[in-house]
Amino acid sequence: MGPRPLIVKLVILGCAFLWTGFVTAQEKSVNEEILDILRDKGQISEEKYEELLKKAEAEKEPSTFRVYWKDGIRIDSRDGRFKFQLTGRIMNDWAVFSADSDTEAFFNENFGSGTEFRRARLGLGGTIYDVLDFKAEYDFADGDADFKDMYVGLRKLPVIGHIKVGHKKEPFSLEDQTSSKYITFMERALPTVFAPGYNTGVLFHNVELDGRLFWGVGGFRETDDFGEGFGEEDEYNITARVTGLPWYEQEGGRLLHLGISYSHKFGDGDEGATVRFRQRPEAHLSPVRFVDTTDIPTDGVDLVTPEAALVFGPFSAQGEYFHASVDRANGSDVDFDGFYLFVSYFLTGEHRSYSKTKGAFDRVKPKKNFGLGKERGWGAWEIAARYSNLDLTDGSISGGELDDFTLGVNWYLYPNARIMGNYIFADLDDVGETSIFQMRFQVDW
Amino acid sequence: MGPRPLIVKLVILGCAFLWTGFVTAQEKSVNEEILDILRDKGQISEEKYEELLKKAEAEKEPSTFRVYWKDGIRIDSRDGRFKFQLTGRIMNDWAVFSADSDTEAFFNENFGSGTEFRRARLGLGGTIYDVLDFKAEYDFADGDADFKDMYVGLRKLPVIGHIKVGHKKEPFSLEDQTSSKYITFMERALPTVFAPGYNTGVLFHNVELDGRLFWGVGGFRETDDFGEGFGEEDEYNITARVTGLPWYEQEGGRLLHLGISYSHKFGDGDEGATVRFRQRPEAHLSPVRFVDTTDIPTDGVDLVTPEAALVFGPFSAQGEYFHASVDRANGSDVDFDGFYLFVSYFLTGEHRSYSKTKGAFDRVKPKKNFGLGKERGWGAWEIAARYSNLDLTDGSISGGELDDFTLGVNWYLYPNARIMGNYIFADLDDVGETSIFQMRFQVDW
Amino acid sequence: MGPRPLIVKLVILGCAFLWTGFVTAQEKSVNEEILDILRDKGQISEEKYEELLKKAEAEKEPSTFRVYWKDGIRIDSRDGRFKFQLTGRIMNDWAVFSADSDTEAFFNENFGSGTEFRRARLGLGGTIYDVLDFKAEYDFADGDADFKDMYVGLRKLPVIGHIKVGHKKEPFSLEDQTSSKYITFMERALPTVFAPGYNTGVLFHNVELDGRLFWGVGGFRETDDFGEGFGEEDEYNITARVTGLPWYEQEGGRLLHLGISYSHKFGDGDEGATVRFRQRPEAHLSPVRFVDTTDIPTDGVDLVTPEAALVFGPFSAQGEYFHASVDRANGSDVDFDGFYLFVSYFLTGEHRSYSKTKGAFDRVKPKKNFGLGKERGWGAWEIAARYSNLDLTDGSISGGELDDFTLGVNWYLYPNARIMGNYIFADLDDVGETSIFQMRFQVDW
């Protein structure tokens, strides 16, 4: 096989370049390019070229997954149509309680100290066939398999965007929609007890205006920790949340988030429908709930919660007001409410991260990870303070009123690991005061 | 290094081709071939060639797994001796019951509506060291970790083929051996209650005659949902199943399947061995079992079930008859039986898929997956009708007789996702009638 | 593009060789080397060379994991900073008990036969960001999710080496620190009941002197199976273990291991702190514990255990003595103790494997795996004998004294699968004798 005339070489080379550059630049592998060159230089016959090209194509294995780390263990097919994440989180809490004698007497409980695993989750989720979403996530804390996200859905749908059927959090409240991995304090604020939380149903959600507007709406059956709810009482919820970003500068981490959630619980008190709100003092190891309405037979409950958050670089503020109107089946209607407000500041210059697709806060990434030796770094440090109020007393219902003041320090060693310390001063109206110091050791993947 | 004489080049090239073609054609990578060419063309010294060849060999990483999607997440070593599958399934059911007043009075139950997760499984299984099989599969529905397949075994054994020790389904009944992922209706037919189901023991199985004959036989201890059975009563089962394909045309999906299962339960009624059959009306959300023998002290039970199925392209029919003879420890012997027959038809032209290695039905794959836009497709649509009968009344045992008539529609969006709708008319002899409408949202991986 | 002068070629080639050899020899891929050659031979322009080099670099995907098998499923990033293991184990036990009539009368129990899954675990653990360790391992035997290793920690720390916070085994006793996957008999020896086992706390551990010295020390809260312990009684343990290898020859598998463990349990009997030791006869399927102190109110417990093991090729011997001093809150102090001694011999020439980082025994690897046909091999065969004693009677506490004599045979088919058979003769002092035959089918990954 002699050398081809220069003009032929040039034409072939030119075509190869054009083809490479304009048509499939990102799909051609280095091996394929080398083969082109060898052919163009006359080092390889056309037959051999075709044979090896076919082989190189096979080696690319388009159905093969790429397994890699990006804030977690990710498994993506080369064509992006199949994506999986193998997730999990461990949160080990330690707490010391110090209650005054009136509080101990009221609850007939000697508050002590101890440890627990607040969350111990494993899960697998992803997208298959490009548009089908699923997730199966279990929380094994306490030894049973509580269901968390457990759904199947479709994405990329016209207009509605996403539909999910199964066990999901009802779309309600900024604090409740922000993952426990990312919340600023160890426990969500007292009044988030009103948020319906996880139930089984159908959820529609999407973002509009380039992510500046998030909306979610769904219908849910009230279910147990394992997604099951059956009976005659027909307790269904309709819940919706809309949030927006009137101000958003990704650069520098500046945003103003505003939103509102509404939920109506349908039920027939004569058939056994009830509602109950009860809450611990922002410390899950507490052996008792400090406030508790007990079961209230109801014909319907209305919940409404406006929410606001401001992020201005390392500084952020967040607050929500919760209002619940209970249509009692056997008595005059009652109203409960609560609110919280907190501020946080990153001493190391990071800022709270925001997910437009969820209309909620996201993973904090330290500017410099923790490391010793030549990788020296101290992670991210955040300080925060919160005031929370929850009033479960109205009419003939004496659930109690609780005020919490909390100071927090968070040390983010890595994007996926942090140590949290919270001091809580809980003032239970007409009863007494409790001081709590608690720490959390957290990792997720 | 000057150009080699043509004859030398040709000889080298010829040898390379021969070697490539006959010895290691499928093992030589593109890089190795390119190196051959560079050497043959005199672009690279022999030393460099050898060095880079070694490097290319190392880059192939024969111990590295290929992770890919094939109806599920698969992890295979390049040499095929190690293979894993990370499996799971989610089935979210919704049902509305409508029972007549006689039925509600009989069970003292107001049938309502609701939802549950019928199955919520995670599992890992595979082959290691070429011949060792294992599988660990848990069902977390209801919050506890029910054991499903949980075994270790050997494959490729002479004559017996496969041996498995641990928690497995006893080999009995076509419908019971067909995975819940692939069954045509949401619940298996009424009389499959006789099938022994999952127990802990040893199972032998294999196929003969190019897969036209399947056989399985095993000895099992009757165990709880977690594979444990211990005590004095010594309740062991011997169970066997043989099936064949007198007619099988893979092309076009045509087959006739015939088979028979037999099981003997050993036990000593004086030591506490009992047997109990009870069944819901093909709707798992039913709060009561419609028929129930209650515990019968027994010295042994014989079960026999002939089975038949016909697939003729999109049309299929399937039926089984179940017979149970109970050797009562304290009374005259009793016989129970039941049967079912169903037909199904794929409106979109698919056909039911069959697994020769299991002698049971397999995954349905739509001709065109569900998609919008340019990938437009509507998945596979199947309609089906079934009649089931279960008679648990004989002699002094009045377990009741139940007849079910069921209509079903299945929408297979993808090979791994479907939505099922079933309407069931259940007629409980001498009591009353119940109508049930139920839906299932299913995904597996 | 004409040929470059020879001197230029040589210089470029020389630089490339030098650069390749001294700077990044192990990081340069075959593709990159081929590109160098093509450029050096003038087959490719500098621009194209640079372009393709960038592409080849991208194809190496340094953030991509390598998934492979090495005694388990491993997922490592190319740079070694992220490593995961997807672990699990299945142990299916079968046992037949034969107790004399005195023993059956004493326990009012008819010992029978049966099966259980002794362990059924799934877990995920690894290292992220180079220094952060975590592990989440669940045991689903019996249907609940018992926590095993469940921690987050840091490694590569100066002086202390490793710190782990969460649910871990307290560092105590050679037999207790050796994984259930690797222990020589189906159950650990009787007196390991004194080892504190899994609790929630903080553990420091490291090796010194090139692995010849292991030390571990930790503080733990006594917790339930799910890592939770809370209350007023303040039951904390301080536990430490130091072991050394005065003799260690990796070649030929010869070593002498000596060590000692100490643990102090703090508690206030007036606040409800208690201690209880109870044990089965080295057969987990036993429906009763043969010896049992019942709850003893205590102000503190001291445990001390010297340990020794000798491996001399296929032969090994191991023994430990356990002593517990209980400071009773309401009565005179009591002392309990026990010991065991066993010998084992590999008929097929393997030797017990040792992990320096744990100061405990490790995975046995057969010289020849089990295989048929041309891969013919019979795995590893080990025989062993053990004598165990446990005395829980002292002062006014009559927990009983139990002596066990055990013969064992282990067939290791592969490094990850074995079948065990144990015959146990249990002599319960002043009561009677029980013979037990039990088998285990084990696989782990």
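Obtain the nm distance between the two label points defined at C:ILE238 and A:ASP225 by a simple spin-label model: each point lies 7 Å from its Cα along the Cα-to-C-beta direction.
A separation of 3.6 nm, rounded to one decimal place.
If you rank B:GLU208, C:GLU320 by how much accessible surface each has, with a 1.4 Å probe, what is the order from largest down?
Largest to smallest exposure gives the sequence B:GLU208, C:GLU320.
Which value at 222 nm does chain C reach when only helices count, each DSSP H run of 4 or more adding -39,500 (n - 2.57), with the total divided by all residues and rounded to the nearest 500 deg cm²/dmol?
Using -39500 (n - 2.57) per qualifying helix, the result is -3500 deg cm²/dmol.
Sorted from shortest, what are the nm distances separating the label point of C:PRO287 from equivalent points in the other copies, each placed 7 Å from Cα along Cα to C-beta?
With the label placed 7 Å along Cα→Cβ, C:PRO287 yields 3.5, 3.5 nm.
Any idea what angle helix C:30-40 forms with the longest principal axis of chain C, computed on alpha-carbon atoms, 0 to 90 degrees, nearest 10?
Orientation of helix C:30-40: about 10 degrees from the principal axis.
Work out the mean other chain Cβ neighbour count within 10 Å for the residues of B:372-380 and drop it here as an integer.
1
At A:ARG78, with labels set 7 Å past Cα in the Cβ direction, how many nm apart are the copies from this one, shortest first?
Sorted ascending, the copy-to-copy spacings read 1.5, 1.5 nm.
Return the FRET efficiency for the residue pair B:TRP381, A:THR274: r is the Cβ-Cβ distance, R0 is 60 Å, and the value is rounded to the nearest 0.05.
0.90
Would you mind checking A:LYS135/A:LYS168; A:LYS181/A:LYS365; B:LYS70/B:LYS181; A:LYS367/C:LYS164; B:LYS70/B:LYS156; A:LYS54/C:LYS41 for any pair whose Cα atoms are more than 21 angstrom apart?
A:LYS367/C:LYS164; B:LYS70/B:LYS156; A:LYS54/C:LYS41
Would you work out what percent of the accessible area of chain A, with all protein chains in place, is carbon or sulfur (probe 1.4 Å)?
56 percent
Which value, in square angstrom to the nearest 100, describes the accessible area buried between chains A and B on both sides, using a 1.4 angstrom probe?
Using a 1.4 Å probe, the pair buries roughly 4600 Å².
For region B:327-445, what's the relative contact order in percent, using C-alpha pairs closer than 8 Å and at least 6 residues apart?
Relative contact order comes out at 21 percent.
If you build the Cα gyration tensor of region C:308-445 and take the root of 5 times each eigenvalue, what three semi-axes come out, in whole angstrom, biggest first?
Each semi-axis is the square root of five times an eigenvalue, giving 37, 18, 12 Å.
Given Cα pairs under 8 Å that are at least 6 residues apart, what percent is the relative contact order of chain C?
13 percent
So if we plug the beta-carbon distance of C:LEU258 and C:ALA105 into 1/(1 + (r/R0)^6) with R0 = 35 Å, what FRET efficiency do we get, rounded to 0.05?
0.20
If you take each beta carbon of peptide C:83-90 and count the beta carbons of other chains within 10 angstrom, what is the mean?
Counting other chains' Cβ atoms within 10 Å and averaging over C:83-90 gives 4.
Hey, got the average number of other protein chain Cβ atoms within 10 angstrom for residues in A:145-154?
Per residue, the number of nearby Cβ atoms from other chains is 5 on average.
Cα extents of the protein assembly as shown along the three principal axes, largest first, in whole Å?
Answer, in whole Å and largest first: 96, 77, 73 Å.
How do the peptides B:101-112, C:361-372 rank, highest first, by the average count of neighbouring beta carbon atoms within 10 Å per residue?
C:361-372, B:101-112
Taking the Cα centroid of region B:301-336 and of region B:121-146, what is the distance between the two, rounded to the nearest whole Å?
Cα centres, region B:301-336 to region B:121-146: 29 Å.
Kindly report the accessible area of chain C per residue (heavy atoms of protein chains, probe 1.4 Å, no ligands, DNA or RNA), in Å².
39 Å²
Using the Karplus curve 6.51 cos²θ - 1.76 cosθ + 1.60 with θ = phi - 60°, work out ³J(HN,Hα) for each residue of region C:81-92 in order, rounded to whole Hz, and write x for Gly and Pro.
Ordered by residue, 3J(HN,Hα) equals 7, 10, 9, 10, 9, 9, 10, x, 8, 10, 10, 9 Hz.
Of the GluC sites (Glu not before Pro) in region C:237-310, which ones lie in a loop per DSSP and count no more than 16 other C-beta atoms within 10 Å?
Within region C:237-310, the qualifying GluC sites (Glu not before Pro) (loop, at most 16 other Cβ atoms within 10 Å) are C:GLU251.
If you put a point 7 Å past Cα along the Cβ direction, how far is that point for A:GLU47 from the same point in each other copy, in nm, smallest first?
List, nearest first: 3.6, 3.6 nm.
In debye to the nearest 20, how big a dipole does chain B give about its Cα centre with +1 on each Lys and Arg Cβ and -1 on each Asp and Glu Cβ?
Here chain B has a charge dipole of around 3540 debye.
Residues in region A:314-333, backbone N under 18 Å from the label point at A:VAL343 (7 Å along the Cα-to-beta-carbon vector): list them, ranges by number please.
A:314-320
Please give the solvent-accessible surface of C:MET439 in Å², to the nearest 10, using a probe radius of 1.4 Å with every protein chain present.
Taking all protein chains as shown, C:MET439 has close to 60 Å².
Please give the FRET efficiency for C:PHE405 paired with B:THR64, using the beta carbon to beta carbon distance and R0 = 51 Å, rounded to the nearest 0.05.
Calculated value: 0.60.
Could you rank B:PHE342, B:PHE405 by how accessible they are, 1.4 Å probe, largest area first?
The most accessible residue leads, giving B:PHE405, B:PHE342.
The values are calculated or read from the model by the stated rules, or taken from the named source; none is laboratory data. It should be emphasised that the depicted structure is a prediction, and the values quoted were computed from it without experimental measurement. We place every Cβ from the backbone using ideal geometry, glycine too, and count neighbours over all the protein chains shown. When the accessible area is computed, the model is the full protein with side chains, heavy atoms only, and any ligands, DNA or RNA have been set aside. Shrake-Rupley method; radii C 1.70, N 1.55, O 1.52, S 1.80 Å.
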